[in-house]
Amino acid sequence: MQCPSCQFENMPGTINCGRCGAQLRLASATMDVNPPRASARAKRWRQWFPWYRLAAEARGTLGRVTTVLHWDFDWDRLPRGVLARLVVPGWPQRYLGHLGRGRIMLRLYVALLAVGLLFIGTTLGAWALGAAVAVHFSSALDALWPFGRGWRTRLVVSVASCAVLFTILYAPVAWAATRVVGVRRMTLDAEPLRAGDVILFLPGGSPDVGDTVLYQIEPGRVQTHTVTGYQALYYFGGEFIDRIVAGPGQTVTWERQEVLVDGQRSLRQPLHPASAHADVQFTVPAGCYGILPTVLPEGAPGFPPDVLRAASIVPAQRIVGTILLRRRSFWRWGRL
């Protein structure tokens, strides 16, 4: 039996070649045609392999930055109480003995913060709040920079201190503020609102009949007819502001620009009755509110009866919030 590898003639019945050791009966060996496959658990671990590499690179970068800061930042000379006082602008300056500088930063921060809150929702308010945050970051950098040597170290300290202040202070405050009060600014005239008006509202909650609310009309379409009898397809949706005129189970009748609830004239009228010309009647289903959309931009066409009926039934989950105040100017605040 000749070896296919070295052409050596072997005795019949030999399994391996006597010269090179090659297997002479490979064709008769049992081989699995399916290659071995990894288990489901191994595949899950393999999916995380790129993240292991990225985590190792992040650890290495952090280690190098820490090494640089350890040698180029004078930790021994930095008072221990400075880091804890970075949360208040001007406080670390007072702790380090710079009373005048700390007083200026604190007063400037308070003044800008007050202007930002008074003019919230406007360009001036946004600028003032941003400037107040910048003063706070400047206070932190002013306290830490004298202890760093070299511009690279100071750059790292600047980025790290601003990131820490934003994470532990401003991000939670911003998140909590959006749960307490919301802000909308009018960009168009829509009686009785004017462009530039700032609307403050209480997010969520369960409004009562008679409250003025900010709500969303679910995007939809209604096929109806125009006044002249032609077929028309109306698309509507978006955010609206108006007063709740009826609750679940009540029947609303809108005729001659007046609301009747269960056949009785209601004291809770829409904000701008003159914009709704079509007469409609509907019953508010459970889990919904009756709100006639009458606050429309100037020049907007009125809703036909079918569209007005569909847009006036608002599910409770579409209520964005209850209107608290309306600010027309710095000295003119009021309720809707």
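The values are calculated or read from the model by the stated rules, or taken from the named source; none is laboratory data. Computed from a prediction, not measured in an experiment: that's the story for all the values here. Using ideal geometry, Cβ is built from the backbone for each residue, glycine included, and neighbour counts are taken over all protein chains shown.
Does region 216-239 include one or more residues that are buried (at least 17 other Cβ atoms within 10 Å of the Cβ) and at pLDDT 90 or above?
The answer is no; no qualifying residue exists.
Within region 133-142, is there a residue that is in the same structural domain as ALA111 (by TED's automatic domain parsing), at pLDDT 90 or above, within 30 Å of GLY321 (Cα to Cα) and surrounded by 12 or more Cβ atoms within 10 Å (Cβ to Cβ)?
yes
Which one of these does GLU239 not meet: (1) out of contact with any helix residue (DSSP H, G or I) (no Cβ under 9 Å at 6 or more places or on another chain); (2) free of Cβ contacts under 8 Å to residues at least 60 places away in the same chain; (3) of a type in the set (D, E, K, R)?
(2)
Return yes when ASP306 is charged (D, E, K, R), surrounded by fewer than 19 Cβ atoms within 10 Å (Cβ to Cβ), in the same structural domain as VAL252 (by TED's automatic domain parsing) and over 18 Å from PRO219 (Cβ atoms) and no when it is not.
no
Can you find a residue that is within 21 Å of the chain's Cα centre (by Cα) and polar (S, T, N, Q) anywhere in region 225-234?
For region 225-234, residues within 21 Å of the chain's Cα centre (by Cα) and polar (S, T, N, Q): absent.
Just checking, how many residues over region 139-163 are within 21 Å of GLY81 (Cβ to Cβ), out of contact with any Pro (no Cβ under 6 Å at 6 or more places or on another chain) and touching a residue at least 40 places away in the same chain (Cβ under 8 Å)?
The number of residues fulfilling the criteria is 7.
Go through (1) touching a strand residue (DSSP E or B) at 6+ places or on another chain (Cβ under 9 Å); (2) more than 17 Å from LEU336 (Cβ to Cβ); (3) not aliphatic (A, V, I, L, M) and name the single condition GLY210 misses.
Of (1) touching a strand residue (DSSP E or B) at 6+ places or on another chain (Cβ under 9 Å); (2) more than 17 Å from LEU336 (Cβ to Cβ); (3) not aliphatic (A, V, I, L, M), only one is false for GLY210: (2).
Has region 178-199 got at least one residue that is surrounded by fewer than 17 Cβ atoms within 10 Å (Cβ to Cβ) and closer than 24 Å to TRP91 by Cβ?
no
Considering only residues that are modelled with pLDDT of 90 or more, farther than 18 Å from PHE166 by Cα and of a type in the set (Gly, Ala, Ser), which ones fall in region 82-109?
Correct list: GLY100, GLY102.
For residues in region 148-168 being among the charged types (D, E, K, R) and assigned to a helix (DSSP H, G or I), which is farthest from PHE137 (Cα to Cα)?
Filtering region 148-168 for residues that are among the charged types (D, E, K, R) and assigned to a helix (DSSP H, G or I), the one farthest from PHE137 (Cα to Cα) comes out as ARG152.
Are there strands (runs of 3 or more DSSP E) fully within region 191-303 with at least 1 residues that are charged (D, E, K, R)? List them.
Correct list: 212-225, 231-243, 251-255, 258-261.
Evaluate region 110-118: report whether one residue or more is hydrophobic (A, V, I, L, M, F, W, C), outside the structural domain of HIS272 (by TED's automatic domain parsing) and either more than 30 Å from THR322 (Cα to Cα) or not in a helix (DSSP H, G or I) (or both).
Taking every residue of region 110-118 in turn, none turns out to be hydrophobic (A, V, I, L, M, F, W, C), outside the structural domain of HIS272 (by TED's automatic domain parsing) and either more than 30 Å from THR322 (Cα to Cα) or not in a helix (DSSP H, G or I) (or both).
Assuming VAL261 fulfils every condition listed in (1) of a type outside the set (Lys, Arg); (2) under 28 Å from LEU188 (Cβ atoms); (3) modelled with pLDDT of 90 or more apart from one, which condition is it?
For VAL261, the exception is condition (2).
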